[in-house]
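To start, the structure under review is shown below, and the notes come after it.
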Amino acid sequence: MLGGYYGDDSPIAAFATVPGGSALTLIRCSGKGVLDLAARVFSAGEKLLRAKGNTIIHGWILAGDSPDGTRGEKIDEALVSVFRAPRSYTGEDGVDISCHGGAATSAAVMSALHAAGFRDALPGEFTFRAFLNGKMDLTRCESVLELVNARTQKARGNAVSRLSGVLENEINAVKKMLVEALAAAEIYLDYSEDEIGADPLEDAGMLPKRELAQEALARLRALAESWRMERIYQEGIPAVIAGRPNAGKSSLFNLLLKEERSIVTEIPGTTRDWIEAWVSAEGIPVRLFDTAGLRDSGDPVEAIGVERSRRLLESAELALYLIDGAQGIASEDLAFIDEIAALQKPLITLWNKIDLAPLPSESARETWGKRVLGISAKTGEGVAELTAAIAGAARETAGGLDGAAAVGTARQKDLVEAAAVALEDALLLADRGEPLDVIAPLLREAVNLLGEITGEVSTADVLEEMFEKFCVGK
């Protein structure tokens, strides 16, 4: 089995699904000569070779030809989907083998493919080949990985938007503006004023088609800002449930998860260490932590848990502070609220057990923080309002930007920001009356940076680093 590298067209194979105790396993194959190699280990090999693209053939995966020319033993019954270039995911000839999902079965099928001449695909190599063969640009390629990693329906929807070309179209539209502005500048540099006619720079601040450059800059700034919200949709925010012992933190944690994850008892100090789980708040992934009750304790184990809770609060992006409404607010609660406020992070103060004790008046709540909600971790009252408050706090942290076209990776954001900086410099130099031959290279730099986002301008090392983050099989 030969080792491969990104950019060759050798036949590759990889599990597209996780092999194991499932009904089916899908093995994806692509590359030069893939149909001939697959036919060697398929009982209906001749039928496979004659098959049209986008058709499915039934047969048996075989161990391969024996030295005496006979076909090998049957390994598994399978369906083979045939794809012919360029109408395939990669743009190459390909086959998808659907076999039974047992670990031993799928491993035997893969061994037969190795013996026939396939090599293991590198991480993301199928998508890499799709990019090389013009099936998708880099923004669409990266959206494939976003789809695989999406934790919420909102994250999935945003990734699908980019896979559909929304970001690519926006980048290309901005780039078209800059190319037009650059072309106008280069025409002015290449020809004399007498050949051009009227001086195009008289009302353009030393930059022809200045309005296009300004509009492009505004759109680039909006794209750069969009990453703040997209990052939250993809990575989520850590939120810590804090409060004194027996305030109902574990009950609230279980309620938000809709399952019994934390142990709930009436004994204070039951939770000794933090527990975490992912929940969704209006499409925003939230990494929720149930923590030990905040109090001074002589129990060394509980004291360690309290200290860990404090460290989590320091690193979290959102704090949910729970007050036991049945006991009323205590001086320790106010001290902890002040402590969290000093960390300068969003705080939602919750008056728990509202089914037993009504929420105090607004004047009584003035020092509890700007977001105070009544909730019952027992009955679920107030959970919808809490979910909305969590989502609102996350959007507020991100700046609240949630547009149609948005960047989906830090790489895209960095390149958009760099292009915006180059364009800002060009406009600043134009305002200062600097010569056009100093300004034009900055416009060209911005155009090239946008080309890197879509992959029109790319280098092998950058591409390899990007696709290595993908899972094998994509």
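Numerical summary
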{"read-out": "Qualifying position, being farther than 22 Å from Thr152 by Cα, under 23 Å from the mean Cα position of the chain (by Cα) and crowded, with 21+ Cβ neighbours inside 10 Å, among Leu443, Leu450", "value": "Leu450"}
{"read-out": "Residue count, the stretch 398-444 (criterion: of a type in the set (Asp, Glu) and without any contact (Cβ under 8 Å) to a residue 24 or more places away in the chain)", "value": "2"}
{"read-out": "Residues that are modelled with pLDDT of 95 or more, of a type in the set (A, V, I, L, M) and more than 30 Å from the chain's Cα centre (by Cα), drawn from the stretch 76-107", "value": "Ala78, Leu79, Val80, Val82"}
{"read-out": "Single residue of Glu445, Glu468, Glu424 found to be over 29 Å from Glu146 (Cα atoms) and among the acidic types (Asp, Glu)", "value": "Glu424"}
{"read-out": "Filter result (over 39 Å from the mean Cα position of the chain (by Cα) and closer than 23 Å to Ala104 by Cα) within the stretch 27-50", "value": "Arg40, Ser43, Ala44"}
{"read-out": "Subset of the stretch 455-474 that is assigned to a helix (DSSP H, G or I) and surrounded by 20 or more Cβ atoms within 10 Å (Cβ to Cβ) - its residue that is modelled with the lowest pLDDT", "value": "Met466"}
{"read-out": "Those residues of the stretch 1-58 which are assigned to a strand (DSSP E or B) and of a type in the set (Val, Ile, Thr), in sequence order", "value": "Ile12, Thr25, Ile27, Thr55, Ile56, Ile57"}
{"read-out": "Residue within the stretch 363-379 that is aromatic (Phe, Trp, Tyr), assigned to a loop (DSSP other than H, G, I, E, B) and either modelled with pLDDT of 85 or more or in contact with an Asp or Glu (Cβ under 7 Å, 6 or more places away or on another chain) (or both) present", "value": "yes"}
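The values are calculated or read from the model by the stated rules, or taken from the named source; none is laboratory data. Quantities reported herein were computed from a predicted structural model and do not represent experimental measurements. Using ideal geometry, Cβ is built from the backbone for each residue, glycine included, and neighbour counts are taken over all protein chains shown.
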